[in-house]
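Asks: First the structure, which I've put down as structure tokens, then a few questions once you've had a look.
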Amino acid sequence: MAEELPFASGNAPVVLVVLASEQLWPNLESVCLYRESLRRLIILHTRDPHRSERPAAALTEVARTVFNVESEKVPIGTQPSDVTAAVAHILQRFQDGPERVVLNATCGTKLMTAGILRWVDAPGTATIYREIEGHWYQLRRDRDGRSIVTQRLDTEKNPTDLLDIRILLQSVWGPTDARVSATDLPDLPVDRIAAALAENARLGKEAWESAFDREAPEYLLRRERPSDPGGLFEAFVAGCVRKLGVTNGVMNAVLVRSDGLYLQELDVVANAGGRVVVFDCKTGHPEGELRLVREAAQIREQVGGLAGECVILRPDKHASPQLLPLWEALGVRFVSRDGMGHLCRILADCLRIPELPTVAIETDAHLARWNQRRP
């Protein structure tokens with residue numbers, strides 16, 4: 001039987017201790033889980049700028065911006081003894097106060113995790129761990145006082161969904177001196193646009209502008225970018241994501257360095273279902289598919305790590321069978337022309353939305369006809 005998250009009742013202030021690593025999500029999730037009682041976040045990190053210092057800075061920014069919680073970054077070595085000594089100092093600091101100390105042993109290297117295990121069941125503490133499938137466990141000493149056993153915890157589902165996607169991108173995506181700008185997901189009549197696409201499918205790419213001109217002319221007037229088929233497909237995907245009920249998403253997220261240098265752009269990105277999902281929309285037949293999959297894998301790692309997903313949408317191209325094993329190995333999802341007839345169903349699956357609203361079902365029905373009729 002699952003137990004409640006230790007010290008989450010709010011009866012005592014919580015000091016949360018985490019190990020910084022490239023996999024930021026388990027630490028972010030623990031901050032979200034303890035948001036009602038969290039008083040201080042202590043981040044143990046190594047001197048590695050990419051694998052530890054940068055994630056520590058990102059976690060600090062999210063905790064401060066979203067929850068108004070101050071963080072303390074503590075540099076340590078990578079050996080178990082380094083972690084054990086750092087935790088001993090922390091426990092000594094708070095042993096006479098009202099605080100309860102929660103040790104999140106999930107991140108860091110295995111050697112660093114080993115250093116936390118010394119303090120399992122220390123007075124006034126609890127040690128928690130998140131397995132890769134997403135379940136949280138409390139670590140405890142067995143009756144022999146030496147072995148460690150686990151107890152599954154009953155935790156809030158997808159607590160990270162409350163983190164604003166703009167704040168997340170600003171904190172975790174790219175260098176610290178860069179800024180992120182993005183556009184809200186558009187409120188488009190995607191079912192009517194899809195119906196117009198099906199009606200004028202034989203126009204090929206021109207069907208996109210024709211459909212928007214007929215069903216969403218006000219969007220074309222507001223749009224700052226040229227109304228090319230690629231841009232309109234991006235807007236359509238973003239509109240479908242919004243119709244699926246996602247409120248925590250943006251489109252055309254641009255990363256710009258402080259000196260004005262453009263670094264990267266994400267077409268559509270959402271924080272939903274306990275992870276960040278990036279939709280990369282590519283129309284036409286661009287070259288360099290191998291480069292495309294590598295870039296997608298890199299974006300996935302930057303934005304969400306193991307809790308991220310990058311989905312390549314290629315409405316004009318069939319899948320290359322020889323590259324499918326590479327897509328799978330790198331954790332990138334590829335949706336080819338063959339999948340455009342059930343686009344909303346695919347988007348919902350990526351966003352972990354179990355049931356399609358009526359507008360999405362109708363949109364897919366129109367898209368299936370469009371997909372069959374177009375050149």
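Asks: I'm trying to understand the selection: among the residues of region 212-245, which are part of a loop (DSSP other than H, G, I, E, B), in contact with a Leu (Cβ under 8 Å, 6 or more places away or on another chain) and more than 16 Å from Leu313 (Cβ to Cβ)?
Replies: Ala216, Ser227
Listed here are the residues, each with its yes/no results for (1) at pLDDT below 95; (2) polar (S, T, N, Q).
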position	(1), (2)
Arg152	no, no
Thr176	yes, yes
Ser181	yes, yes
Ala195	no, no
Glu215	no, no
Tyr219	yes, no
Gly231	yes, no
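Asks: If you take the residues in region 157-176 that are among the polar types (S, T, N, Q) and open to solvent by 20 Å² or more (accessible area, probe 1.4 Å), which one is farthest from the chain's Cα centre (by Cα)?
Replies: It comes out as Thr176.
Asks: Inspect region 5-24 for any residue being more than 23 Å from Trp119 (Cα to Cα) and either among the polar types (S, T, N, Q) or part of a strand (DSSP E or B) (or both) and give the result as yes or no.
Replies: No, region 5-24 contains no residue that is more than 23 Å from Trp119 (Cα to Cα) and either among the polar types (S, T, N, Q) or part of a strand (DSSP E or B) (or both).
Asks: I would also like to ask the following. So in region 229-264, with the set limited to residues that are open to solvent by less than 80 Å² (accessible area, probe 1.4 Å) and free of Cβ contacts under 8 Å to residues at least 40 places away in the same chain, which one is nearest to Gly174 (Cα to Cα)?
Replies: Filtering first and then ranking leaves Gly260.
Asks: Please enumerate the residues belonging to region 47-65 that are part of a helix (DSSP H, G or I) and either open to solvent by 50 Å² or more (accessible area, probe 1.4 Å) or touching a Pro at 6+ places or on another chain (Cβ under 8 Å) (or both).
Replies: Within region 47-65, Pro49, His50, Arg51, Glu53, Arg54, Glu61, Arg64, Thr65 qualify.
Asks: Could you list, in sequence order, all residues of region 351-375 that are within 21 Å of Asp187 (Cβ to Cβ), of a type outside the set (A, V, I, L, M, F, W, C), in a helix (DSSP H, G or I) and open to solvent by 80 Å² or more (accessible area, probe 1.4 Å)?
Replies: Thr358, Glu362
Asks: Looking only at residues that are surrounded by 14 or more Cβ atoms within 10 Å (Cβ to Cβ) and touching a His at 6+ places or on another chain (Cβ under 9 Å) in region 123-156, which one is farthest from Val87 (Cα to Cα)?
Replies: Ranking the candidates gives Thr155 first.
Asks: On to the next question. Hand me the list of strands (runs of 3 or more DSSP E) wholly inside region 94-157 holding 1 or more residues that are without any contact (Cβ under 8 Å) to a residue 12 or more places away in the chain.
Replies: So the answer is 148-154.
Asks: Need the failing condition index for Leu44 against (1) surrounded by fewer than 18 Cβ atoms within 10 Å (Cβ to Cβ); (2) under 16 Å from Gly115 (Cα atoms); (3) within 23 Å of the chain's Cα centre (by Cα), just the number.
Replies: Only one criterion is unmet by Leu44, namely (1).
Asks: Please go through (1) part of a loop (DSSP other than H, G, I, E, B); (2) open to solvent by less than 50 Å² (accessible area, probe 1.4 Å); (3) farther than 30 Å from Pro354 by Cα for Leu188 and return the number of the only condition it doesn't satisfy.
Replies: Here Leu188 meets the rest and fails (3).
Asks: Can you tell me which condition Cys310 does not meet? The list is (1) open to solvent by less than 20 Å² (accessible area, probe 1.4 Å); (2) out of contact with any Asp or Glu (no Cβ under 7 Å at 6 or more places or on another chain); (3) assigned to a strand (DSSP E or B); (4) at pLDDT below 90, and all the others hold.
Replies: With (1) open to solvent by less than 20 Å² (accessible area, probe 1.4 Å); (2) out of contact with any Asp or Glu (no Cβ under 7 Å at 6 or more places or on another chain); (3) assigned to a strand (DSSP E or B); (4) at pLDDT below 90 applied to Cys310, the lone miss is (2).
Asks: Considering only region 26-36, I want to know if a residue exists there that is part of a strand (DSSP E or B), modelled with pLDDT of 95 or more and touching an Asp or Glu at 6+ places or on another chain (Cβ under 8 Å).
Replies: No: region 26-36 contains no residue that is part of a strand (DSSP E or B), modelled with pLDDT of 95 or more and touching an Asp or Glu at 6+ places or on another chain (Cβ under 8 Å).
Asks: I would also like to ask the following. For the structure I just gave you, tell me whether Gly77 is in contact (Cβ under 8 Å) with a residue 12 or more places away in the chain, not β-branched (Val, Ile, Thr) and not in a strand (DSSP E or B).
Replies: Considered against the rule, which asks whether it is in contact (Cβ under 8 Å) with a residue 12 or more places away in the chain, not β-branched (Val, Ile, Thr) and not in a strand (DSSP E or B), Gly77 comes out as yes.
The values are calculated or read from the model by the stated rules, or taken from the named source; none is laboratory data. What you see is a predicted model, and the numbers here were worked out from it, not measured in a lab. Because the Cβ atoms are built from the backbone with ideal geometry, glycine has one as well, and the counts that use them run over all protein chains shown. Each accessible area value is taken on the protein alone, full model and side chains, heavy atoms only, with ligands, DNA and RNA left out. Shrake-Rupley method; radii C 1.70, N 1.55, O 1.52, S 1.80 Å.
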